[in-house]
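Scroll down for the structure; my scribbles are underneath it.
Quick note: the coordinates plus some simple rules give every number you see, no bench work behind them. None of these values were measured; they are calculated from a predicted model. Virtual Cβ from ideal backbone geometry, glycine too; neighbours counted across all protein chains shown.
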Amino acid sequence: MVFKKAGYTEDDYLKRAIRGERIGLEYLVQTYQSMAYTIAIRIVKNSEDAEEVVQDSFLKAFKYLSDFRGASKFSTWLYRIVYHTALSKIQRVVLLTSVLDESTQYITDTNEKNDPWLGLVNADRQKYIGRAIDQLKEDDRVVITLHYIAEKSITEISEITGLGRSAIKMRLLRGRHQLEVLLKRLLIKEFKEL
C-alpha cells in the first residue's frame with residue numbers, strides 16, 4: 001500500500017490509528033516494522049522470536065495507543081515497547097533454558113549419587129525462584145534476570161538497558177529484597193497447602 005500518495009502526514013495516520021481506522025494502523029506497521037524487527041533481533045538473537053516480539057509489541061502499542069500523549073515521537077514510544085517486550089522474551093527463554101539445563105544437571109547428579117530426593121528438592125527450588133522472579137516489577141525483573149540468569153555484568157546491563165550503574169545497583173538491591181519476601185510468601189503458602 002502506498003501511503004505517501006494519499007496526502008496524509010504521519011500525524012494524520014497516527015490520529016486515524018488512535019481512532020482505530022485500519023489505514024492508520026497499517027501505516028504504522030509498514031513504517032516501523034523493519035526497525036522494530038532490527039531492535040528485536042539484536043536483543044533476542046533469533047528470527048522467530050524477533051518476529052514474535054514485533055507482533056506482540058504492535059499489539060501492545062495498538063492496545064494502549066489512546067494513552068500515547070505525544071511527549072516523544074511515536075517511534076520512540078514504540079521502540080521502547082519493543083525493547084521491553086524483547087527483554088521479557090529473553091527472560092522467559094533464559095529462565096526456561098536455565099531451569100531445563102539445571103534440571104538435567106540435577107538428574108545427572110542425582111543418578112550419580114543415587115539420591116532421587118535431591119533432584120526433587122532442586123527442581124522445586126527452581127520452580128519457586130521462577131515464580132518469584134515473575135512477580136517482580138518489570139524493570140527489576142529484567143535487571144535481576146540479566147544479572148543472575150544471563151550472568152551479565154553491571155556494565156553490560158547498562159549498555160543493554162541504557163540505565164546508569166547506580167540505578168542498576170539499586171534495582172538489584174531492591175530485586176533481591178523483593179525476591180526474599182516473595183520466596184518466603186510462596187514457601188509459606190506451599191507449606192500451608194501440605
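The table below lists the values:
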{"quantity": "Of Lys60/Lys184; Lys89/Lys189; Lys89/Lys169; Lys89/Lys192; Lys73/Lys137; Lys60/Lys192, pairs whose Cα-Cα distance is over 31 Å", "calculated": "Lys60/Lys184; Lys89/Lys192; Lys60/Lys192"}
{"quantity": "Extension reserve of the Glu10-Ser158 stretch, reckoned as 0.36 nm per residue once the Cα distance is removed", "calculated": "50.0 nm"}
{"quantity": "Within segment 140-176, GluC sites (Glu not before Pro) in DSSP loop having at most 11 other beta-carbon neighbours inside 10 Å", "calculated": "Glu151"}
{"quantity": "Cβ-Cβ FRET estimate between Thr38 and Glu180, R0 fixed at 41 Å, reported to 0.05", "calculated": "0.60"}
